[in-house]
Amino acid sequence: MQAEPHAEHHEVAILGAGPAGLTAAIYAARARLDTVVFEGPQPGGQLTITTEVENYPGFEHGILGPELMDIFRRQAHRFGARSLYETIVRVDFHRYPFLLWSDSGKLYSAEAVIVATGASAKKLGVPGEAEYMGYGISACATCDGFFFRDQHVYVVGGGDTAMEEALFLTRFARRVTIIHRRQEFRASKIMQERVRSNPKIDFLLDTVVEEFLGETRDGLRRLTAIRVRNVRTGEQAVLPADGVFVAIGHQPNTDIFRGFLQMDEQGYIITEPRSTRTNIPGVFACGDVQDKVYRQAVTAAGSGCMAAIDAERWLEARRHAEQGRAVPADGGLASGGESSSSVAER
Ligand SMILES: Cc1cc2nc3c(=O)[nH]c(=O)nc-3n(C[C@H](O)[C@H](O)[C@H](O)COP(=O)(O)OP(=O)(O)OC[C@H]3O[C@@H](n4cnc5c(N)ncnc54)[C@H](O)[C@@H]3O)c2cc1C
């Protein structure tokens, strides 16, 4: 192993500080690995933009998202993990130790990297959206549907996800209106049929949301209405709204890993089945960045635990192999991306 002289070196670098990254930090630091967590553009991850989290086990009466993430972070710090409030802007996973450049201009190197950069829900980008996100606007029916019992909610989108969200919301809401900017849906036929045959669901087609409106009463912010526009007629209307679910897709935060990590067509990192291993030995991925199916805090945390265990075992096997024989300076990565130590470990 040849250290980069100008780099700050750590055994484990975790990219991302949501439930996945911080759980990985708890496990890695507790295994006495020198661990840093790059918190990135959203310290604490997606749960910091929501209010009540009622489905994270261990909190019988629910907990506020930012508070939950603060507990995760403090638990990781208790075992010696360190948070760096920097964003990684470039990586080189073809060198070993792996190299990471941060937006502060600093260079870091690491013996194992855990990628936990999440997937951001795509936003409409209209006024009021950021203000009322978590206060009536949501991107996750599984997470927040329960808060809208007997209310009238809107789902924005025309794909399978929007149809799934709408169907799920009928368990709670009195009425669900799907808003879509076209007449035709992108969703599969079967999902469209299910939605159309559900008496609680109706449609507002050729329509876009132009603004989210709300109020703050007794210090409590909440969404009260949406301004919509018919794209054919140009007609505008303000509609009372208890809740809006924006379901126009997710974008995995993986741009900087292109050319290094294998991804699917949407940019989600591909990991080996029942593991967090990527195609690069020593680089692991966990949480929403590699999971487009479940997208929950508890599943992200679970895979964060897996990533730290995978990383710890990989480092251990590599060191054993190093003691037995000389390992190439690049960790064996140059020879087809498989280090000899990782082959020994698999
Ligand atoms: C409004 C809302 C409400 C939700 N409510 C619930 C709920 O009630 N229950 C539930 O289980 N789930 C809920 N979810 C889903 C849950 O938040 C996610 O499934 C979970 O946060 C995913 O965790 P993660 O660690 O994989 O990624 P994230 O939480 O997305 O964290 C990603 C992390 O990566 C960092 N990052 C990104 N790029 C870089 C980079 N280049 N360098 C360094 N760091 C980087 C970010 O700053 C962030 O810290 C909700 C989501 C939203 C949006």
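Values in this text are rule-based calculations from the coordinates and carry no lab data. Since we're looking at a predicted model, the values are computed, not measured. Please note: Cβ atoms are built from the backbone with ideal geometry, for glycine as well, and neighbour counts cover all protein chains shown.
Here are a few things to note about the model shown:
- Ranked Glu215, Glu129, Glu316, criterion: other C-beta atoms within 10 Å, fewest first: Glu215, Glu316, Glu129
- Euclidean distance between Cα centres, the stretch 74-103 to the stretch 171-225, Å: 40 Å
- Using the Karplus relation 6.51 cos²θ - 1.76 cosθ + 1.60 with θ = phi - 60°, the per-residue 3J(HN,Hα) values for the stretch 31-45 come to 7, 6, 9, 6, 10, 10, 10, 8, 7, x, x, 9, x, x, x Hz, with x marking Gly and Pro.
- Debye intensity ratio I(q)/I(0), log10, the chain, q values 0.06, 0.08 Å⁻¹ (C-alpha model): -0.26, -0.44
- Phi-derived couplings, Karplus 6.51 cos²θ - 1.76 cosθ + 1.60 at θ = phi - 60°, listed residue by residue for the stretch 181-192: 6, 10, 7, 9, 9, 7, 4, 5, 4, 5, 5, 5 Hz, with x used for Gly and Pro.
- Segment Val89-Gln151, extension gain: residue separation times 0.36 nm, minus the distance between their alpha carbons: 18.0 nm
- Within the same chain, lysines fewer than 8 places from Lys189 are excluded, and of the rest, those with a Cα less than 29 Å from its Cα are Lys122, Lys123, Lys200, Lys292.
- Under 9 Å, Cβ to Cβ, from Ala237 - net charge with Lys/Arg +1 and Asp/Glu -1: +1
- Using C-alpha pairs below 8 Å separated by at least 6 residues, the relative contact order for the chain is 20 percent.
- The chain - Cys residues lacking any other Cys C-beta under 4.7 Å: Cys286, Cys305
- In this rough spin-label picture, where each label sits 7 Å from Cα along the Cβ direction, the Ser275-Arg78 distance is 3.2 nm.
- Between Arg217 and Tyr294, full extension at 0.36 nm per residue minus the direct alpha carbon distance yields a gain of 24.3 nm.
- Sorted by Cβ neighbour density within 10 Å, fewest at the top, the residues His180, His6, His152, His250: His6, His152, His250, His180
- Sequence-separation-based contact order of the stretch 123-246, relative, with Cα cut under 8 Å and 6+ spacing, percent: 31 percent
- Counting 0.36 nm for each residue step from Arg258 to Asp206 and taking away their Cα separation leaves a gain of 15.1 nm.
- Virtual spin-label span in nm between Leu239 and Glu131, 7 Å along Cα→Cβ: 2.1 nm
- Relative exposure of Trp101, Trp314, judged by other C-beta atoms within 10 Å (fewest first): Trp101, Trp314
- Net charge in the neighbourhood of Arg82 (other residues with Cβ under 15 Å of its Cβ; Lys, Arg +1, Asp, Glu -1) is +1.
- Computed from the Cα positions only, the extents of the stretch 123-246 along the three principal axes stand at 45, 34, 22 Å, in decreasing order.
- Distant-in-sequence amide contacts of Met263, defined by a placed amide H-H separation under 5 Å and a gap of 5 or more residues or a different chain, comprise Ile270.
- In the chain, helices alone account for a calculated mean residue ellipticity at 222 nm of -7500 deg cm²/dmol, with every DSSP H run of four or more residues adding -39,500 (n - 2.57).
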